[in-house]
Amino acid sequence: MINEKMYGLGDEPSVIRELFAYGLARKAEIGAENVFDYSIGNPSVPAPVLVRDTMEELIAGDPVALHAYSPAAGLPEVRQAIADSITQRYDFPATAAHVYMTAGAAAALAASIAAVTHPGDEVVVVAPYFPEYRTWIEAAGCTVVEVPASVPSFQPDVEALAAAIGPKTSAVIINSPNNPVGAVYTRESLEALAAMLRAKEEELGRPLYLISDEPYREITYGAEVPWVPALYARTIVCYSYSKALSLPGERIGWVYVSDTAPDGDELSVAIAGAGRALGYVCAPVLLQRVAARCVNEPSDVAAYAENRRILTEGLASLGYEYVEPDGAFYLWVRALEPDANAFSERAKECELLIVPSDSFGVPGWVRLSYCIARDTIERSMPAFAALKESYDN
Ligand code: PLP
């Protein structure tokens, strides 16, 4: 018999994917240049040349060795290269045994959640949040506890998080730079969060894990992105090259369990066990090698920075309210009516594809992905003006 829960997940429409699919159909109908698609977070900057050069060099070698299985956790030299990079970049001694290679941050998160929870536990998330967290938490038999971020800063609300943590809590998930709001959590916020978690561990007499989802770590506009394991020992970092190196379809990332976690060695083994249980073993091996070679390759954020400037200046001049983004490539804009779904529908009439906030766990906002062609942003301004005008009259 088909598992109903799984059927439900497969059948459940993702608002973002639906909007993206609508956009493809609409572009075929009226011409791609007439649709302003801000729906999906697909990087618009090409992967660094070093990625292509490395791939070319690798595929020129022995194909049998190149495409062979790696150990379940990844190639030892790749895990070592990542541990070395962590040690060097964050002045934080990291060991290869604590690095587990995965098919992107998605697999890293699903394995991390499975490794630190038991069915019936609660996992706390900061709302708005990446919608797939709910899928992975519920698949592990756990419950999502949503805690709204502080508005207007969209930093974590540490007091509200403390109030939400109880005897069933096993983990808190944070995401900075943040999808969908673009906030980058400050050192001060993270230190307060870490102090609160330590106090709660003491009070509850059980470990609390901090899962730090970091696919946008490199995509910032000057803000500091503190290294979370240096602030809180029981941290699990979920990283990916999807955005940093513009390789979302190639599916490569990693989990790093802080070497300072008191139970870090056991936790690393449990991550490997969760990866095994979920079938997330031997991450794409060509990409493992590429990741190792490109581990310190800088991300090219110049185009996103320029898009961000054009979009925010344009929307500000039209009177839209938004959260100034310090990182990632999303703009969080206040809907012009309380129902964000209705606002997104009205935007479609102006050929603007913008994602309503409800799927991120909060009402009344929309998300714009500005990792798109600059020209599309420039040409979309009259559409944003028409949308605004339709509410003003
Ligand atoms: N976490 C966040 C916040 C994301 O935005 C994404 C992808 O957009 C992921 C995780 C999944 O990333 P990956 O493509 O590396 O699986």
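The values are calculated or read from the model by the stated rules, or taken from the named source; none is laboratory data. Fair warning: this is a prediction, and the values are worked out from it, not measured in the lab. Positions of Cβ are backbone-derived with ideal geometry, glycine not excepted, and every protein chain shown enters the neighbour counts. Keep in mind that these areas ignore ligands, DNA and RNA; they rest on the heavy atoms of the full protein, side chains included. Shrake-Rupley method; radii C 1.70, N 1.55, O 1.52, S 1.80 Å.
Side notes on the structure shown:
- Identity of the residue in the stretch 163-179, of a type outside the set (Ser, Thr, Tyr) and in contact with a Leu (Cβ under 9 Å, 6 or more places away or on another chain), that ends up nearest to ALA244 (Cα to Cα): ILE174
- Entry remark, the stretch 200-233: residues being away from the ligand (no atom under 16 Å from the Cβ), in contact with a Ser or Thr (Cβ under 7 Å, 6 or more places away or on another chain) and not in a helix (DSSP H, G or I) number 3 in total.
- Counted residues, the stretch 60-106 - those being closer than 14 Å to TYR256 by Cβ, among the hydrophobic types (A, V, I, L, M, F, W, C) and within 16 Å of the ligand (Cβ to nearest atom): 4
- Positions within the stretch 118-156 being within 19 Å of TRP365 (Cα to Cα), part of a loop (DSSP other than H, G, I, E, B) and in contact (Cβ under 8 Å) with a residue 12 or more places away in the chain, in sequence order: PRO128, TYR129, PHE130, PRO131, ALA149, PRO152, SER153, PHE154, GLN155, PRO156
- Among helices (runs of 4 or more DSSP H) entirely within the stretch 235-332, having at least 2 residues that are open to solvent by 40 Å² or more (accessible area, probe 1.4 Å), closer than 26 Å to ARG52 by Cβ and more than 16 Å from the ligand (Cβ to nearest atom) singles out 285-293, 302-318.
- Any chance GLY222 is under 14 Å from ALA328 (Cβ atoms) and modelled with pLDDT under 95: yes
- Consider the stretch 202-220 and keep the residues that are in contact with a Lys or Arg (Cβ under 8 Å, 6 or more places away or on another chain) and more than 26 Å from ALA291 (Cβ to Cβ). The one that is surrounded by the most Cβ atoms within 10 Å (Cβ to Cβ) is LEU208.
- Selection within the stretch 66-117 - part of a loop (DSSP other than H, G, I, E, B), touching a strand residue (DSSP E or B) at 6+ places or on another chain (Cβ under 6 Å) and surrounded by fewer than 24 Cβ atoms within 10 Å (Cβ to Cβ): THR117
- Residue tally, condition crowded, with 17+ Cβ neighbours inside 10 Å and either of a type in the set (A, V, I, L, M, F, W, C) or in contact with a Pro (Cβ under 9 Å, 6 or more places away or on another chain) (or both), over the stretch 44-57: 5
- Inspection of the stretch 370-388 finds no residue satisfying the criterion of being assigned to a strand (DSSP E or B) and buried (at least 23 other Cβ atoms within 10 Å of the Cβ).
- Going through (1) in a loop (DSSP other than H, G, I, E, B); (2) within 16 Å of the ligand (Cβ to nearest atom); (3) β-branched (Val, Ile, Thr) one by one, VAL172 falls short only on (1).
- Among the criteria (1) farther than 25 Å from VAL295 by Cβ; (2) surrounded by fewer than 24 Cβ atoms within 10 Å (Cβ to Cβ); (3) more than 16 Å from the ligand (Cβ to nearest atom), the one LEU197 does not fulfil is (2).
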